[in-house]
Amino acid sequence: MIAVYIVTKNMTAELHAKGRDKLREAGALESAMKVHSAFGDAEKLQVFDVWESQEAFDTFLTYLGPVMAELGIELEQPPMIMQLVDLIQQ
């Protein structure tokens, strides 16, 4: 599994919701995403996800990139992608 941390410059809760809707409409598969969270400053949300594999995340990116571009969501820095050592869900 991998952990993905994304810091945006300008994603609001409204843009996040629109993006999720557009991803579903486009048929983006999220079954390999085990955890999704959006948090932080209301005008600059950050995202933390856990994915089954790098390959699954890469496939999702083919949908995510165009949706982010369409909505004008910009990244503060490249996504941080790391191997996940431990995950506890309760």
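Compute the label zone of Glu14 within the stretch 30-57: residues whose backbone N is under 16 Å from the point 7 Å along Cα-to-Cβ.
42-45
Assign unit charges at the C-beta atoms only (+1 for Lys and Arg, -1 for Asp and Glu), then state the dipole size of the chain relative to its Cα centre in Debye, rounded to the nearest 20.
With Lys and Arg at +1 and Asp and Glu at -1, about 120 debye.
Using θ = phi - 60° and the Karplus relation 6.51 cos²θ - 1.76 cosθ + 1.60, list the HN-Hα couplings for the stretch 34-41 in order, rounded to whole Hz, with x at every Gly or Pro.
8, 9, 9, 9, 10, 7, x, 4
Taking the alpha-carbon set of the chain, what are its Rg and Dmax in Å?
Computed over the Cα atoms of the chain, radius of gyration and Dmax are 12.7, 36 Å.
Report the local net charge at Leu84: Lys and Arg +1, Asp and Glu -1, summed over other residues whose C-beta lies under 11 Å from its C-beta.
Residues near Leu84 contribute -2 overall.
What 222 nm value per residue comes from the helices of the chain, counting each DSSP H run with n ≥ 4 as -39,500 (n - 2.57) and dividing by all residues, nearest 500 deg cm²/dmol?
-12000 deg cm²/dmol
Which lysines have a Cα lying under 16 Å from the Cα of Lys44, excluding residues fewer than 8 positions away in the same chain?
Candidates past the 8-residue exclusion: Lys9, Lys18.
Work from the charge dipole of the stretch 1-78 (Cβ charges, +1 for Lys and Arg, -1 for Asp and Glu, about the Cα centre) and give the residue of Gly65, Ala32, Ile2 farthest towards its positive end.
It is Ala32, whose Cα lies furthest towards the positive end.
Any idea what angle helix 54-71 forms with the longest principal axis of the chain, computed on alpha-carbon atoms, 0 to 90 degrees, nearest 10?
It is inclined by approximately 10 degrees.
Which ³J(HN,Hα) values in Hz, rounded to whole numbers, follow from the phi angles of the stretch 11-19 under the Karplus curve 6.51 cos²θ - 1.76 cosθ + 1.60, where θ = phi - 60° and Gly and Pro get x?
3J(HN,Hα) across the stretch 11-19, in whole Hz: 7, 9, 4, 5, 5, 4, 5, 4, x.
Share of the chain's accessible area from carbon and sulfur, percent, 1.4 Å?
Of the solvent-accessible surface of the chain, carbon and sulfur hold 55 percent.
For the chain, what does the accessible surface come to per residue with a 1.4 Å probe? Please give it in Å².
Here the residues of the chain average 62 Å² of exposed surface.
The values are calculated or read from the model by the stated rules, or taken from the named source; none is laboratory data. Just so it is clear, the model here is predicted, and its values are computed rather than measured. Virtual Cβ from ideal backbone geometry, glycine too; neighbours counted across all protein chains shown. Protein only, heavy atoms only, side chains kept; ligands, DNA and RNA dropped before computing areas. Shrake-Rupley method; radii C 1.70, N 1.55, O 1.52, S 1.80 Å.
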